[in-house]
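Student: Let me give you the structure first, and then I'll get to my questions.
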Amino acid sequence: MDADLAPLRAKPTSIPVMPENIWLAIFDHLSLKDLFKVSGTCRAWRRIIADPSLYTDLVLDQMEFNTLIQCLQQLCRLAPRIRSLRIAHCYSNFISTTTVPLQTVPLSHHCPQQQQQPAGMMMHTLYTHITSFTLPRRREEYRKLGFTLHQDFSTALVALMEQSQDSILRLEIQNNFLDLEMTELIFCIVRYGRNLKSLLYDANRENTNSYSFVAPEVVSAIIAACPSIQSFRGQHAISDTVLRQMMTGWEDLTSVTLAPYQSPSTMGTKEISLEGFWSLLVGGKIETLELLDLECISNENMRDMMQRVKQLESLSLSLAMSGDHPMSPLAPNHPFAHLASHFAAAAAAQPQPSAWTITGGSKNGDSERQHDNHQECSSNSDINNGNGNNNSNNSTGSHNSNGGGNSGSSNSSPRPLPGASVRHLTVTKYTSSPLTLPGFSALLKLFPNLRSMRFTTNFFTYDHQFHGLTPGIFEQEIGLVNRMVLAEMADRWSPEQAASCWIAEWHAAMTEEQRLRAGVMQSSLLAASSGSSLPIPR
């Protein structure tokens, strides 16, 4: 009997003894919250979990504001060297539920039949959400209510970014409802983000009209303070001027998001122009491009840009075939005078006439032409590299007059045509002009090397633009576009890859702006119909 009960009377087994590196590998799979929880198990675990190597890539996800600040404060005590920090889906119960008085009005304002009441009539107070106010008013309301978490968050984040300013490369802050506009986040990025390579700040509900960096001055400050940025994503205030600053200040930029933004100065929506977008493509560096509800992305503009590319391609071909001097400038009034460097590089390549033959008369004509041009660029580069010694020995050659005596091989590779560098494209359409079959066709030709394309819209976008549109016609257009895109992708890659390259969501939910627009239109129609039934006064 005693022998049977012996296992039950035995003391609990202790934590197995293993090398510290094994424990580190195990703890590396735990979330930040779980790490802090298990650190109280024993002293040995607490010492191991305090190792800074566990906190190089941090994810703070779905935390209440208080919990988020506590995690940041704990991280500051551990003094890690962070490589990436992601704060996503965090929220504040206080901010999401707090309303404040807006104004007090007499009850007769809402009940005209009670206007004959005495002067001491009942008053009615109107309330609104705290995030609907401007920044100075919100700051004052938070002070009155004794809400200090924004200051605590700023203190912890500044300390953490200062500790990791030499190591942090990626910062992602997305889908939070914390009113981060009240914090020192922008100061942290500008002061301690000089080594950042990737910055994502998007869908953070600051107030009813702001979800990202809304001032062009803020984006300009980030461009000047963070010269190593390669990826800049989010619906920020990017004007044509800011876009030019990005192209010159961020030489390694390969991923960017372009979207409309609310301009506080003009009290309206602004976005980049067609010429600004064209200048971005001319740079030939962008590989991942997000175009969110831009008015300049329309059927007509896509056809115009495609014509520009065709003219550019034919002109580059003719200059290269003619063997003109590579530095011969275009006429100042030429439509492509600003692309003189492209033609200079193409002319310096000096291709053989047979290699520039454009294949025609087949379904694959466009893709074959692009493939031939790509092979030609590669072969020209090889030829020039092989002849580099001859060019360098010829001190009086025309190639050596280009840019301070560099050999012809260094500048002989022609710049890719506008749009050829883009590999991944995202387009959304909600309130801007929608794309139909001709627009998609031009879009695919403008970006001949796409590996993935995502498109999001809904019926209301097309219904607002095309009066009399029915769901049946909309579905027919969806079928035509899908078949055309899949066929083009299959020609470029393979039928198997085409299905994964093209991702379309044609029935997305209505946005708040679409609902507001629908309500305004409905009110206008009701007012017009009621007005038409009234007798005309004589």
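Student: Run the 1.4 Å probe and let me know the accessible area of E275, rounded to the nearest 10 Å².
Tutor: Accessible area, nearest 10 Å²: 100 Å².
Student: I've got another one for you. Sort 498-506, 252-260 by packing, meaning the average of other beta carbons within 10 Å per residue, with the highest value first. The partial results should precede the final answer.
Tutor: Numbers: 498-506: 15.3, 252-260: 19.2.
Output ranking for 498-506, 252-260: 252-260, 498-506.
Student: Here is a further query. From the residues S198, L185, N175, which one has its Cα farthest along the dipole of the range 154-207 in the positive direction, the dipole being from +1 and -1 charges on Cβ of Lys/Arg and Asp/Glu about the Cα centre?
Tutor: S198
Student: Place the peptides 128-134, 71-77 in order of packing, highest mean first, counting for every residue the other Cβ atoms within 10 Å and averaging per peptide.
Tutor: On the way: 128-134: 15.6, 71-77: 17.1.
Packing proxy ranking, top to bottom: 71-77, 128-134.
Student: Additional query: Once a ≥ b ≥ c are taken as the square roots of the eigenvalues of the Cα gyration tensor of the range 122-281, is the result rounded (a/c under 1.5), prolate (a/b larger than b/c) or oblate (a/b not larger than b/c)? The partial results should precede the final answer.
Tutor: Details: a/c = 2.78, a/b = 1.34, b/c = 2.08.
Since a/c reaches 1.5 but b/c is at least a/b, the shape of the range 122-281 is classed as oblate.
The values are calculated or read from the model by the stated rules, or taken from the named source; none is laboratory data. Everything quoted here is computed from the prediction, not taken from an experiment. Neighbour counts run over all protein chains shown; Cβ positions are idealised from the backbone, glycine included. Accessible surface areas use protein heavy atoms only, side chains included; no ligands, DNA or RNA. Shrake-Rupley method; radii C 1.70, N 1.55, O 1.52, S 1.80 Å.
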